[in-house]
Amino acid sequence: FFFLSQVSEDQGDLDDSSEKTPSKASRSPQKTTKRLKTVPVKVTLLDGSEYDTAVEKFAKGQTLLDMVCGHLNLLERDYFGLTFMESDNAKNWLDPSKEIKKQIRVGSWIFGFAVKFYPPDPSVLIEDITRYYLCLQLRDDILSGRLPCSFVTHALLGSYTVQAELGDYDTEEHGPDYVSEFHFAPNQTRELEERVMELHHNYRGMTPAEAEMNFLENAKKLSMYGVDLHHAKDSEGIDIMLGVSANGLLIYRDRLRINRFAWPKILKISYKRSNFYIKIRPGEYEQFESTIGFKLPNHRASKRLWKVCIEHHTFFRLVSPEPPPKGFLVIGSKFRYSGRTQAQTRQASALIDRPAPQFDRSVSKRYLQPRSMDGASALGDSMDQLSQRSSSERTQFMSREDLDQEGSLDLDHDHYLYPDHDQDQYTNQEVVQHDGYKQPLGAISSTSTKALEIKDQEPGIPIDSKPEQFLDKPEDVLQKHQASINELKRALKQPNSKKAPREKRLPSATPPAGTPERKTNGSAHIILFC
């Protein structure tokens, strides 16, 4: 009995001690919450070097971007961003406002540091180091074929590159082939190198900062400067390219720009499944708004284009970003650009008060093989690479936001940084050349496109149309057709026209945002597939 009582007392002591002292298993979760788990990150910089670091597992994209910019001693950070490749080999921008792990579902955290917003006027950049990294980005764009140049432009930009990196020409230091180690163009020749050296000899006394400024002043005039290209198809399945820039949306076909829509002309941008739409304000002689649709490879590509348009429009056109929509009743993606606009970053740059940072200009793109063998067809190469991607490819482990099949945004025209007329004037002046014929852009986008009335038509279903049905006609037929259209426009302008009373009865109100537009009360809403 004494033995049993002793055992029971010992067992009670063990129970008391176990209650007072937690076990290792119970203590382990407390310790792990205090330790911050980190993930290794590799970032390829614009000079080709790599920056290895580690970030906390739940860190947002802005944290990593600040780390990279801090490593580069860069204060004007809003023009730059981080890119990563998705499983379908498509480049995507890291969202600074979201956690990194929610954007990269699988694979290592590998990024590229790049210019996201190309300033239309590089002189607004305050610091030389910011302009230097913009130059590095443009040199890479030229070599990769994303920024096609003529022979004269290649020689001029190459000479400024040599001046910025080597300084003044010295007969004793520089031999007869001192520029042969540089690569200025995808199709570089001996003739181009000789022209570069000839120009470089005349730059005596030009500082590296001045040479880079001259480089930017000439590069900004190129037609593909700062254009983000996206592969799409028209209603007939013909490949086209949609380019997003600081000024608006550009449309390319057969390596030629066939249309351009300035941001003031665009009232709304939206996507539904794999279709992307822009709503255009009516022209001078038009009564109704028109919606133009494009077919993209999949819904992820459509959403990617939609997000890029939102970011570019907000950054370059608005004074401050718009807040994302709130509430549970919002249908579709709630994405909005959350960074600073160009107006805000210029105000912040004006407050920079530090000595000009000292930095070493790296040896840019020497000993590298060109990525494109034909500079003249560089835009076409970009199109060919995009067209080779399979539309059936899908990314695994999609997040909830990835599953959003639609989204829309009414562009804010009341809080523009610039008035509408400053970028609106070229829409009716631009001339398109196609197969030997020339027409105003307005003729292609309105008169030569088959107009369809929408009756209970889902926006996600392609609508068959022939957007260029008159381009294969003789020139005299085109002139007669255009004359009849002009006569009709003049008739519509006359106050005593027979159609005027009926037109006055047409309502001008547009349907609420996010709802399909249908034919109501006699008003016709037109959808054009470009």
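Values in this text are rule-based calculations from the coordinates and carry no lab data. All values reported here derive from a predicted model rather than from experimental measurement. In this analysis, Cβ positions are derived from the backbone assuming ideal geometry, glycine residues included, and neighbour counts consider all displayed protein chains.
Table for the structure above
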| item | result |
| --- | --- |
| Vicinal HN-Hα couplings computed from phi for segment 196-207 (Karplus, 6.51 cos²θ - 1.76 cosθ + 1.60; Hz; Gly/Pro x) | 4, 5, 4, 6, 4, 4, 8, 9, 4, x, 7, 6 |
| Computed E for residue 106/residue 209 - FRET, C-beta separation, R0 56 angstrom, nearest 0.05 | 0.85 |
| Label point distance in nm, residue 338-residue 58, each placed 7 Å from Cα along Cα→Cβ | 1.5 nm |
| Packing-based order for 198-208, 213-223, using average beta carbon neighbours within 10 Å, highest first | 213-223, 198-208 |
| Given charges at Cβ of Lys, Arg, Asp, Glu: segment 93-237 dipole, positive-most of 124, 202, 97 | 97 |
| Residue-wise HN-Hα coupling along segment 44-53, computed from phi with Karplus coefficients 6.51, -1.76, 1.60 (Hz; x: Gly, Pro) | 8, 8, 6, 8, x, 6, 10, 10, 9, 8 |
| Where the Cα pairs of segment 161-225 fall when distances are cut into 10 Å bins, in % | 19, 50, 28, 3 |
| Added length on full extension, which subtracts the Cα-Cα distance from 0.36 nm per residue, residue 358 to residue 150 | 71.5 nm |
| Dipole magnitude of segment 42-163, debye to nearest 20 (Cβ charges: Lys/Arg +1, Asp/Glu -1, about Cα centre) | 380 debye |
